[in-house]
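*Asks:* Quick one: the structure is below, and I'll ask about it shortly.
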Amino acid sequence: MDNIRSARASDASRIAELIVTNYRVNFYPFFHNDEFYFGELNVLDTAAEYTEGSQALKNSFVYDDCAVKGFIRIDGSEVKKLFVEPQFQSRGIGEKLLTFAVNEKNASHLWVLEYNKRGIEFYKRHGFELTGERKIEDEWVPLLKMSRAI
């Protein structure tokens, strides 16, 4: 797909920036956990997950049109992460990454933050439906499962 390629170790810091920025912008307002969002969660530690040969790197793809503006991580048939730089959201990048995951990697389900109404609506527009399954991650993060409508 245009502008989507396998992530490389040299992308690790950019991927980490995307993750940290999006977690702070999109999730901090719900949890107000300063210790996590401005202490534990940092670019250096997050980038370390995407080292050469790591499973996280092998399962990641970036949207790169001269700058990495978004990324998706897929584990089997599950979309694990999908983030677009906030300045580039609503420009079709997330849609391209998700379409790539579905069409090229057979992604069929994901877990979304229960409070993330914008994300839930985005996935619904792209063929995913809430399954009714719910889980709590890390003892305090409520997630809802969404699967591709068949």
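Coordinate-derived values only; no laboratory data. No experiment lies behind these values; they were computed from the predicted model shown. Don't worry about glycine lacking a Cβ; one is built from the backbone with ideal geometry, like all the others, and counts go over all protein chains shown.
*Asks:* Tell me, what is the Rg over Rh of the stretch 24-98, with Rh the Kirkwood radius over Cα pairs?
*Replies:* Result for the stretch 24-98 is an Rg/Rh of 0.98.
*Asks:* Give, to the nearest whole percent, the P(r) tail of the stretch 64-104 beyond 14 angstrom, counting all Cα pairs.
*Replies:* 43
*Asks:* Then there is this: Given charges of +1 on the Cβ of Lys and Arg and -1 on the Cβ of Asp and Glu, with all other atoms neutral, how large is the dipole of the chain about its Cα centre, in debye to the nearest 20?
*Replies:* Dipole size: approximately 600 debye.
*Asks:* Let me ask you something else. Where the Cα atoms of the stretch 12-51 are projected onto their three principal axes, how long is each span, largest first, in whole Å?
*Replies:* 30, 16, 10
*Asks:* Given Asn42, Pro29, Val68, which one lies farthest toward the positive end of the charge dipole of the stretch 7-75, if we put +1 on the Cβ of every Lys and Arg and -1 on the Cβ of every Asp and Glu?
*Replies:* So the residue furthest toward the plus end is Val68.
*Asks:* Counting pairs of alpha carbon atoms under 8 Å apart in space and at least six apart in sequence, what relative contact order in percent does the chain give?
*Replies:* For the chain, the relative contact order is 19 percent.
*Asks:* Would you kindly give the portion of the calculated P(r) for the chain that falls above 25 Å, as a percent of all Cα pairs?
*Replies:* Of all Cα-Cα pairs in the chain, 25 percent lie more than 25 Å apart.
*Asks:* Could you state the per residue volume, in Å³, of the convex hull enclosing the Cα atoms of the stretch 76-132?
*Replies:* Convex hull volume per residue, Cα atoms: 84 Å³.
*Asks:* Another question about this same structure. Among the lysines, which have Cα under 18 Å from the Cα of Lys145 when same-chain residues fewer than 8 positions away are ignored?
*Replies:* Lys80, Lys81, Lys117, Lys124, Lys135
*Asks:* List the relative contact order of the stretch 28-101 as a percent without decimals, with contacts defined as Cα pairs under 8 Å and 6+ residues apart.
*Replies:* Worked out over the stretch 28-101, it gives 19 percent.
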